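I have placed the structure first, in the form of structure tokens, so that the comments after it can refer back to it.
The values are calculated or read from the model by the stated rules, or taken from the named source; none is laboratory data. Here the structure is a predicted model, which is why all the values come from computation and not from measurement. All Cβ positions, glycine included, derive from the backbone under ideal geometry; neighbour counts span all protein chains shown.
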Amino acid sequence: MAVTPSTSDSSNLRLVKPLPLTTHPASVYLSGLREGSRRTIKWCLNSIAAILTGGECDCLTLDWSKLRYHHTAAVRSALMDKYAPVTANKMLSALRRVLLEAHRLDLLSAEDYTKAVDLANISGSTQKERGRALAREEISALLGTCNSYNPLDIRDAAIIAVLRFTGMRRSELVKLELADLDLSKSSLKVRRSKGEKTRLVYLPKSGLLLLKKWLSIRGKEAGALFCRIRRGGHLQPGKLHPDAIWRILQTRASRANLPSFSPHDLRRTFCSDLLDGGIDLVTVQKLAGHASPLTTAKYDRRGEDAKRRAIEQLEC
């Protein structure tokens, strides 16, 4: 069982009065992150604040300057019990970073900071990412829930197609604009992706047909490629929020009687299917926008049979 701070200790961790955002460790840390990372790290910090205070505080009402080694050690123990190693270590990293900001803001002494962040990462027998690749039949079932002529179904089918056939991140998809689409080349330009890089991705004929069907409703006005749709099927200019993509997929999975999955699982499916099909690692890396081929290699599900077939090609 995880060790947690005592009730009296927890109550003392709440800020006595609000700090200006410019001098609040969590706010300063979050302000330096990109939008997608900011949401994830804020969730990490809120979860840690809840662990420390029994749910009484979030990251902005917790007084991070009061944390000492016994607090952070208790957090590590709680995270080890509750989360997979990869997630727990990401949360520990966020904890260390917010305490660094507290030290930089002269809210935490060098000695207390050094002791508080002296935490070993959590090890595990495996650190595979949670999630799954979707089968072809599951993707067909998803698209089968979008078979009417109402704008919502047509838009959602196009979104599913783009995610499945390009391996795009949801944060990248919502930033797409009409100008990023080149119908003559069946390509989409992904701008401001992770690492501020730009790349081209491509759609097969079936994906392009679904996207064209959406364009026939959306129109040719400049702006976000995928927009919001109000009740009654009325299109509303402006880009979707990344969280909306998650909700769309959850809704479609429920209607198709499929297990829940995340937008990243479609990205996982994209990479794994290409590697299964014999596409080389570097090409898949470029299409996915991974900084390193080592990241792409995590999605390689080919086993010993593939290795054996590769060696057989070396026969004289």
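For region 61-96, how many residues meet the condition of being more than 26 Å from the chain's Cα centre (by Cα), not charged (D, E, K, R) and not in a helix (DSSP H, G or I)?
Adding up the residues that qualify gives 1.
Which of the residues belonging to region 61-73 are touching a residue at least 60 places away in the same chain (Cβ under 8 Å) and either of a type in the set (F, W, Y) or buried (at least 19 other Cβ atoms within 10 Å of the Cβ) (or both)?
Matches in region 61-73: H71 only.
Do we find a residue being modelled with pLDDT of 95 or more and assigned to a helix (DSSP H, G or I) anywhere in region 220-240?
no
Looking at region 167-201, which of its residues are within 16 Å of the chain's Cα centre (by Cα) and among the polar types (S, T, N, Q)?
S171, S193
Could you grab me the full set of residues in region 65-81 that are touching a helix residue (DSSP H, G or I) at 6+ places or on another chain (Cβ under 7 Å) and over 19 Å from N12 (Cα atoms)?
Selection gives R76, A78, L79, M80.
Just the residues that are among the basic types (K, R) and either within 14 Å of G167 (Cα to Cα) or surrounded by 14 or more Cβ atoms within 10 Å (Cβ to Cβ) (or both), please, taken from region 238-284.
K239, R252, R267, R268
Can you pull out every residue in region 228-276 that is in contact with a Gly (Cβ under 7 Å, 6 or more places away or on another chain) and touching a residue at least 24 places away in the same chain (Cβ under 8 Å)?
Within region 228-276, P242, A256, S262, H264, D265, R267, R268, F270, C271 qualify.
Can you pull out the residues in region 143-182 that are over 20 Å from L215 (Cα atoms) and out of contact with any Pro (no Cβ under 9 Å at 6 or more places or on another chain)?
G167
Could you look through region 18-60, keep only residues that are among the β-branched types (V, I, T) and crowded, with 16+ Cβ neighbours inside 10 Å, and pick out the one that is farthest from the chain's Cα centre (by Cα)?
Taking the candidates together, the pick is T53.
If we scan region 151-158, do we find a residue that is of a type in the set (D, E) and part of a helix (DSSP H, G or I)?
Within region 151-158, one or more residues are of a type in the set (D, E) and part of a helix (DSSP H, G or I).
What are the residue pairs meeting all of these: first residue in region 170-195, first residue assigned by TED's automatic domain parsing to the domain that holds I248 and more than 22 Å from H264 (Cα to Cα), second residue modelled with pLDDT of 95 or more and among the hydroxyl-bearing types (S, T, Y), Cβ atoms under 6 Å, and 6 or more apart or on different chains?
S186/Y202
Name the single residue that is surrounded by the fewest Cβ atoms within 10 Å (Cβ to Cβ) among those in region 187-229 being in contact with a strand residue (DSSP E or B) (Cβ under 9 Å, 6 or more places away or on another chain) and of a type in the set (F, W, Y).
Ranking the qualifying residues of region 187-229, first place goes to Y202.
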